[in-house]
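Okay, so here's the structure we're looking at.
The values are calculated or read from the model by the stated rules, or taken from the named source; none is laboratory data. Note that this is a predicted model, so its numbers are computed, not measured. Cβ: placed from backbone, ideal geometry, glycine included. Neighbour counts: every protein chain shown. To get the accessible areas, we keep the full protein, side chains included, count just its heavy atoms, and leave off ligands, DNA and RNA. Shrake-Rupley method; radii C 1.70, N 1.55, O 1.52, S 1.80 Å.
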Amino acid sequence: MSVASTAASAAQSSVQANLKGRSRDKNPKSILFLAALWFSLFFGVVVLLALILDTAIAGAPRLDGELFTNYESRINRDETGFRAGILGSVWLMVTTAILAIPLGIGAAVHLEEFADSRTWYNRLVEVNLQNLAAVPSIIYGMLAVAIMGLLGFTYKGIVLGGAIALALLILPVVIITTREAIRAVPEEIRQGSLALGATVWQTTWRNTLPSAVPGIATGTILGLSRAIGEAAPLIILGLAVVREDPAGLLDKVVALPIQIFQLSSESHEEYQIAASAAIIVLLAMILGMNALAIFIRNKFQRSW
Amino acid sequence: MSIKPATASTAPSTHDGRHVDTLATVHQDAERELPALPPDPVMEAHGLNVFYGDFHAVHDVNLSFGRNEITALIGPSGCGKSTVLRCLNRMNDLVTGARVEGEVTYHGQNIYARGVDPIAVRTHIGMVFQKPNPFPKSIYDNIAYGPRVTGMKVDSMDDLVEEALRGAALWDEVKDKLKQSAYGLSGGQQQRLCIARTIATRPDVILMDEPCSALDPIATSRIEDLMMELRSDYTIIIVTHNMQQAARVSDRTAFFTARPDETTGNRTGLLVEFDQTTRIFANPSDKRTEDYISGRFG
């Protein structure tokens, strides 16, 4: 017993000697590296915050009701508003969602539940989907121009045209996120359903899809929040400033980002201020949609 | 010597550590009279071979499953017992690259014949899985799911749900929360719900793939009691890793083993012995069965 305790205390003292000294995590090299990491983080966050703050301060005088209720005005430049753009963006979003969601979910369901992933054509589709998600948005604008041309529209700056462009743009995102949501539904659930005598179609429709809805909703909303900020494909289509509310799919329309883009290139200071205020509105819309997506994800997420 | 009987502490142990006698006495109704072979087999496998791509998973299995009997499939991991089970209601069709040769008959009809609808097969031959897999729906909707998807003619769904839950010895525990999510139930209750869900479609045969391996001993014992009750109405085929379980609940036992291929080393499962459970555990005719039962291997 005493021998053991002596040995233990000897070991203890030698260990104590080894424990002394400056932490090697605090040597200059480590600290330098840590500082570089911090700098990278702050650079991103601070620049973004500064931009938002600058825009908010610049636009503060015009964050009023008229910004939402008035149309763009050439005469009363300090009362110019974004009614057409805000309503137009809402119209475009709803139409885009109606076009993109069924198509995207349908494609994803086919790829996940029905397609034989070993065949060369399905693999081709798979690779292309990943690439399509990274195609510049302006390309989708040109594609939409071609589609509208084929449909026989001479003026393409209408709700339908813009929605086709934006739907094409977000389709790959919707498909990819829907596939992930479907894949997250455990195989045991499908097997349980099939073992009861359900068809693959019944299993998908009654079990897999309902379980995947939160994931699909989250992905779709994130896709739409990307679409709402897009100007390039819509400019290609020829969307221009209008002074009326859209009332149908074939009505002329303008989106908020286009209005901002056009006003901010004007030399009048009133327009600059109004554009800054509109940017804050657009940011609020996007943040709102993202918040909704996060809420849905957290509220309905299922742990299997 | 990895496998010890649950009753080892109370049972007399023999000098060489064998406990086959103990296991034989565990059988709850060993006095049940059983003919040597199932007289009226509900299902039979003739020359059943299963391949996954080039891999020969199961070699030449011949089995028959008697009406209102519990048949246990036992054997070491990778011996193909689950594969055989999944052939019996064509669940192996869902595995890409799986190929089945030979015959599986259900009341004399080959379920792998041309023109047989696997979905129709599965409504007659239900399956309970290793891990409880209730649907993310209410308890009621879990039970009603099968009758609904198969378009069963049901006079009163409420009555059917109650009947199924009573049949699975779950009704008293859940009758006040039928509309609540099945995920609120314990693991053992979930597994009994899965059994209730299966019997709601009024199958003839129930396949169970290690139904208790994810459950604690108390829940396991309840499932075993339930199996004994269900035996009077259904033909039950169970895959289990637990030899005590096979000894406790089954009337007949099929012992499988895996034989490595000389050239590729792939292990092909084959049936070693199929007999009354009491004989398999007390007096096996094959040396490999005896070794496995007595814990010398596997």
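Here are the numbers for this structure:
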read-out: Selection count, the range A:233-251, where residues are among the β-branched types (Val, Ile, Thr) and assigned to a helix (DSSP H, G or I); value: 2
read-out: Qualifying residue in the range A:252-259 (condition: in a helix (DSSP H, G or I), open to solvent by 20 Å² or more (accessible area, probe 1.4 Å) and either within 14 Å of chain B (Cβ to nearest Cβ) or at pLDDT 90 or above (or both)); value: no
read-out: Matching residues, the range B:123-148, being in contact with a Gly (Cβ under 8 Å, 6 or more places away or on another chain), in a helix (DSSP H, G or I) and open to solvent by 10 Å² or more (accessible area, probe 1.4 Å); value: B:123
read-out: Residue A:212 vs. criteria within 14 Å of chain B (Cβ to nearest Cβ), in a loop (DSSP other than H, G, I, E, B), open to solvent by less than 20 Å² (accessible area, probe 1.4 Å) and at negative phi; value: no
read-out: Qualifying positions in the range A:109-147 - buried (at least 17 other Cβ atoms within 10 Å of the Cβ) and of a type in the set (Phe, Trp, Tyr); value: A:140
read-out: Residue B:78 vs. criteria part of a loop (DSSP other than H, G, I, E, B), more than 9 Å from every other protein chain (Cβ to nearest Cβ) and without any contact (Cβ under 8 Å) to a residue 12 or more places away in the chain; value: no
read-out: Residues (within 13 Å of chain A (Cβ to nearest Cβ) and either among the hydroxyl-bearing types (Ser, Thr, Tyr) or crowded, with 24+ Cβ neighbours inside 10 Å (or both)) located in the range B:187-198; value: B:191, B:193, B:194, B:195, B:196, B:197, B:198
read-out: Residues located in the range B:42-60, provided they are over 16 Å from the mean Cα position of the chain (by Cα) and not small (Gly, Ala, Ser); value: B:46, B:48, B:49, B:50, B:51, B:52, B:54, B:55, B:56, B:58, B:59, B:60
read-out: Residue in the range A:47-69 that is open to solvent by 70 Å² or more (accessible area, probe 1.4 Å) and not in a helix (DSSP H, G or I) present; value: yes
read-out: Cβ-Cβ under 8 Å pairs, at least 6 apart or on other chains, the range A:117-137 side under 14 Å from residue A:175 (Cβ atoms), far side among the polar types (S, T, N, Q); value: A:126/A:117
read-out: Tally of residues being of a type outside the set (A, V, I, L, M) and more than 7 Å from chain A (Cβ to nearest Cβ) across the range B:133-148; value: 8
read-out: Number of positions in the range B:97-125 that are away from chain A (no Cβ under 13 Å) and of a type outside the set (A, V, I, L, M, F, W, C); value: 13
read-out: Residue match in the range B:203-220 (condition: among the charged types (D, E, K, R), more than 24 Å from residue B:87 (Cα to Cα) and open to solvent by 40 Å² or more (accessible area, probe 1.4 Å)); value: yes
read-out: Check on residue B:80, buried (at least 23 other Cβ atoms within 10 Å of the Cβ) and of a type outside the set (A, V, I, L, M); value: yes
read-out: Inter-residue pairs, beta-carbon under 6 Å, first under 21 Å from residue B:131 (Cα atoms) and in the range B:172-189, second open to solvent by less than 40 Å² (accessible area, probe 1.4 Å) and in a helix (DSSP H, G or I), 6+ apart; value: B:174/B:139; B:182/B:139; B:182/B:142; B:182/B:193; B:188/B:219
read-out: Among the residues listed as A:216, A:296, A:236, A:228, the single one being hydrophobic (A, V, I, L, M, F, W, C), more than 19 Å from residue A:63 (Cα to Cα), out of contact with any Cys (no Cβ under 6 Å at 6 or more places or on another chain) and at pLDDT below 90; value: A:296
read-out: Qualifying residue in the range A:61-79 (condition: at pLDDT 90 or above and either more than 20 Å from residue A:173 (Cα to Cα) or more than 25 Å from the chain's Cα centre (by Cα) (or both)); value: no
read-out: Subset tally (residues that are more than 12 Å from chain A (Cβ to nearest Cβ), open to solvent by 40 Å² or more (accessible area, probe 1.4 Å) and of a type in the set (Val, Ile, Thr)) for the range B:149-186; value: 1
read-out: Subset tally (residues that are farther than 16 Å from residue B:193 by Cα and open to solvent by 20 Å² or more (accessible area, probe 1.4 Å)) for the range B:221-243; value: 7
read-out: Unique match (being part of a strand (DSSP E or B) and away from chain A (no Cβ under 12 Å)) among B:223, B:206, B:237, B:218; value: B:237
read-out: Within the range A:152-207, helices (runs of 4 or more DSSP H) holding 3 or more residues that are away from every other protein chain (no Cβ under 14 Å), in contact with a Pro (Cβ under 7 Å, 6 or more places away or on another chain) and buried (at least 18 other Cβ atoms within 10 Å of the Cβ); value: A:159-183
